[in-house]
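Here is the structure we will look at.
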Amino acid sequence: MVKNDWNTEFYDEKHSYVFKFGEDVLNLLSAKPGEVILDLGCGTGHLTKLIARSGAVVYGIDSSIKMIGQARLKYPDIKFEHMYATNFTFKNKFDAVFSNAVLHWITEKEKVAECAYNCLKRGGRFVAEFGGKDNVKCIVTSIRKILEGNGYSQNTEFIDWYFPSIGEYSSILEKHGFRVTSAFHFDRDTFMDEGVDVINWLEMFAKQIFEGINTGKKSELIGLIKEDLSSTNKKDGKWFIDYKRLRIAAVKE
Ligand code: BEZ
């Protein structure tokens with residue numbers, strides 16, 4: 001199953017908070033001039049460009065050909081490659097691997113940790129932020145409830161995002177030879193822009209869950225989810241997403 005066939009324009013215009021918040025993680029990365037850094041799951045390259053501004057040499061990789069195409073067009077001076085986070089290798093080693101808002105898409109988390117470890121120099125840093133335990137919990141609960149209540153229980157198996165706790169993810173990194181140097185798990189309720197609501201979020205990020213359901217039925221189900229979420233994810237008439245982030249840094253021992 002293709003997890004997401006990204007609409008790159010929509011992603012940049014309506015969901016730009018995804019990479020805007022990513023700018024905070026760049027402080028934790030603290031890239032230095034001359035360092036060689038890998039941006040794992042670079043999307044359309046917004047953060048890759050900011051890393052490059054620090055004077056580091058950056059490579060961006062992403063599993064979406066569309067995203068990579070867009071990134072190459074926007075930032076022709078940066079090297080972008082179509083590669084998977086579960087299966088990447090480079091001849092030369094990196095000083096740091098950076099990743100923002102990507103790892104919750106990948107259930108094969110052991111492979112990611114292994115590839116990241118193998119491509120780092122000794123003492124190299126792994127710095128990532130993604131959905132932590134109970135991320136978008138209200139949304140997940142509502143999707144399940146509506147699917148199950150309307151005869152689509154089988155589609156709940158497509159809800160396979162990976163949202164680990166600090167303990168869980170630290171153990172994975174440690175198992176692969178990293179030493180975890182910092183970890184935070186924090187709430188980040190995020191208000192959506194004017195004219196955008198939870199339907200846009202579901203259309204952008206939860207498409208795969210409705211696989212095999214015809215367009216009319218899918219709209220109906222999404223409408224029911226929206227109605228259900230209006231009691232938990234709406235404040236003063238504005239929609240918000242109940243994000244919980246895991247921000248973690250580790251070094252290769
Ligand atoms: C997130 O950024 O937390 C997220 C994005 C898409 C689906 C689920 C979670």
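Here, each number is a calculation from the coordinates, and none is a lab measurement. The shown structure was predicted, so the numbers you read here are calculated from the model rather than taken from an experiment. Quick reminder, even Gly has a Cβ in these numbers, built from the backbone with ideal geometry, and neighbours come from all protein chains shown.
Once the principal axes of the Cα atoms of region 110-209 are found, what is the range along each, listed largest first in whole angstroms?
51, 34, 22
In nm, give the distance between the simple-model label positions of Lys133 and Phe21, each being 7 Å from the Cα along the Cα-to-Cβ direction.
Here the modelled spin labels are 1.9 nm apart.
As an exercise, use a Förster radius of 30 Å and the Cβ-Cβ distance of Glu157 and Leu73 to find the FRET efficiency, rounded to the nearest 0.05.
The calculated FRET efficiency here is 0.25.
Of Leu147, Phe94, Asn135, which is farthest towards the positive pole of region 63-150's charge dipole, taken about the Cα centre with +1 and -1 on the beta-carbons of Lys, Arg and Asp, Glu respectively?
Phe94
Round to the nearest 10 and give me the degree value, 0 to 90, for the angle of helix 137-149's Cα axis relative to the longest principal axis of the chain.
Once rounded, the angle reads 40 degrees.
With only Lys, Arg, Asp and Glu charged, each at its Cβ (+1 for the first two, -1 for the last two), find how big the charge dipole of region 114-253 is about the Cα centre; round to the nearest 20 debye.
Dipole about the Cα centre, nearest 20: 580 debye.
Taking the Cα centre of the chain as origin, work out the dipole magnitude from +1 charges on Lys and Arg Cβ and -1 charges on Asp and Glu Cβ, in debye rounded to 20.
Rounded to the nearest 20 debye, it is 740 debye.
Can you give the helix-only mean residue ellipticity at 222 nm for the chain, where every DSSP H stretch with n ≥ 4 adds -39500 (n - 2.57) and the sum goes over all residues, rounded to the nearest 500 deg cm²/dmol?
Value at 222 nm, helices only, nearest 500: -11000 deg cm²/dmol.
Between Rg and the Kirkwood Rh of region 69-111, both from Cα atoms, what is the Rg to Rh ratio?
0.98
Using packing as a proxy for protection, rank 71-84, 99-112 so that the peptide with the highest average count of other Cβ atoms within 10 Å comes first.
Going from most to least packed, we get 99-112, 71-84.
Which one of Ala71, Gly212, Gly124 has its Cα pushed farthest toward the positive end of the charge dipole of the chain, where Lys and Arg give +1 and Asp and Glu give -1 at the Cβ?
Gly124
Pick from Gln154, Gln70, Gln208: which is most flexible by mean-square fluctuation in a GNM of the chain where alpha carbon atoms under 10 Å apart are linked?
Largest GNM mean-square fluctuation: Gln154.
Work out how much length Asp236 to Ile166 would gain on full extension: take 0.36 nm times their residue separation and subtract the Cα-Cα distance, in nm to one decimal.
Residue separation times 0.36 nm, minus the Cα-Cα distance, leaves 22.0 nm.
Quick one: which residues, 5+ away or cross-chain, put their amide H under 5 Å from the amide H of Leu120? H built at 1.01 Å from N.
Here Phe94 satisfy the definition.
Out of all Cα-Cα pairs in region 46-199, roughly what percent, to the nearest whole number, are more than 27 Å apart?
Above the 27 Å cut-off, region 46-199 has 35 percent of its Cα pairs.
Can you check what the Kirkwood hydrodynamic radius comes to for region 192-241, Cα pairs only, in Å to one decimal?
Computed over Cα pairs of region 192-241, the Kirkwood hydrodynamic radius comes out at 11.4 Å.
Could you pull out the pairs from Lys109/Lys235; Lys20/Lys109; Lys49/Lys137; Lys137/Lys218; Lys217/Lys244 whose alpha carbons sit more than 27 Å apart here?
Where the Cα-Cα span goes over 27 Å, the pairs concerned are Lys109/Lys235; Lys49/Lys137; Lys217/Lys244.
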